[in-house]
Amino acid sequence: MEDFEKLDYYELLGLSRDASSGEIKRAYRREIGRFHPDRYTAAGPAEQEYASRRAQQINEAYRVLSNLSLRSAYDRGHQTNAAPISSGPTRRSAPPPPSQPRDHLAELYDQAVAHMQAGRAIQAAATLRELLRLSPFYRDAAALLDQAEAAARPIPPAQSQFNRRHLMIGAVGGLALLGAGAIGWMLRRDQADTAIGSTLPPATTIPLSPTVAPAIAGVAVTTTAPPTA
C-alpha cells in the first residue's frame, strides 16, 4: 500500500474538515497539478505508477468532497468508495512527493516557439505534433501548429504558372495596344495629307510672250499667238 492511501481525503488534499467549496477546488487543482501523469512522461516506471495512482486518489477525493451529500456521508463515517476518515488525534503531514522530472511538455513548447521565431516552420510543426501527441490540449499548441503548417506549406505550381501566364498575356496585350496606336497614327496622318491636297487650286497655264519663252530652257511653256486682224 502506498503512503498516500493511508490518508483520508482531507489529508490527501491538505484541507481542514471545515474547508469551503472554494478551498476544496483550489486544493484539488494544486494537488492534481503536482501529480498529473503528463508531468511524469520522462520519469521512471516506478514514479509514473506512483503519480498515476495518486492522481486517481486525488480525483476521487475531489469527487466526494465537492458533492455536499457525499461529503456529509463521508464525514459521518459511512461507507463510500474511499477509505474511512482517520480518527487519529494528530494530523499527519503528507509525505514528500517524488523528485520532479523536467517538464518535457514545456520544453517542447518552447522549442516550437523558438523554431517559429527563427522561421523554421517545418521543425516547429514537427515539434508541435509531438507535443500534441503527449498532451492534446496543452496551452495553444493546436493553434500554433496551424500557423506552422500554413507557413511551411509551399506555393502550388499551378498558382505560379497562373501568375506567369497572366504576365505574358499582359505583355502581349500591351504590345498589341502599342501597335494599334501606331497604325492609327499613320492612318490619321495619311488622311490629313489627303485633305490638304484636296484644298489646293488646280494648276493653271500662264501664257508667255514669244520673247520670254526662249529664255526658259528645258521647260515646256504654252504660248498664245496674238490675234490677227
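The values are calculated or read from the model by the stated rules, or taken from the named source; none is laboratory data. Keep in mind it's a predicted model, so treat the numbers as computed, not measured. Glycine also receives a Cβ, built like all others from the backbone with ideal geometry; neighbour counts cover every protein chain displayed. Note: accessible area is taken over every heavy atom of the protein model, side chains too, but ligands, DNA and RNA are not part of it. Shrake-Rupley method; radii C 1.70, N 1.55, O 1.52, S 1.80 Å.
If you check A142, A148, which single one turns out to be within 26 Å of Y40 (Cβ to Cβ) and open to solvent by less than 80 Å² (accessible area, probe 1.4 Å)? Being within 26 Å of Y40 (Cβ to Cβ) and open to solvent by less than 80 Å² (accessible area, probe 1.4 Å) holds for just one of A142, A148, which is A142.
Within the range 6-33, the set of residues being closer than 15 Å to S72 by Cβ and in a helix (DSSP H, G or I) comprises Y9, Y10, S21, I24. If you check Y40, Y50, Y62 for being modelled with pLDDT of 50 or more and either of a type in the set (A, V, I, L, M) or closer than 14 Å to L13 by Cα (or both), only one passes: Y62.
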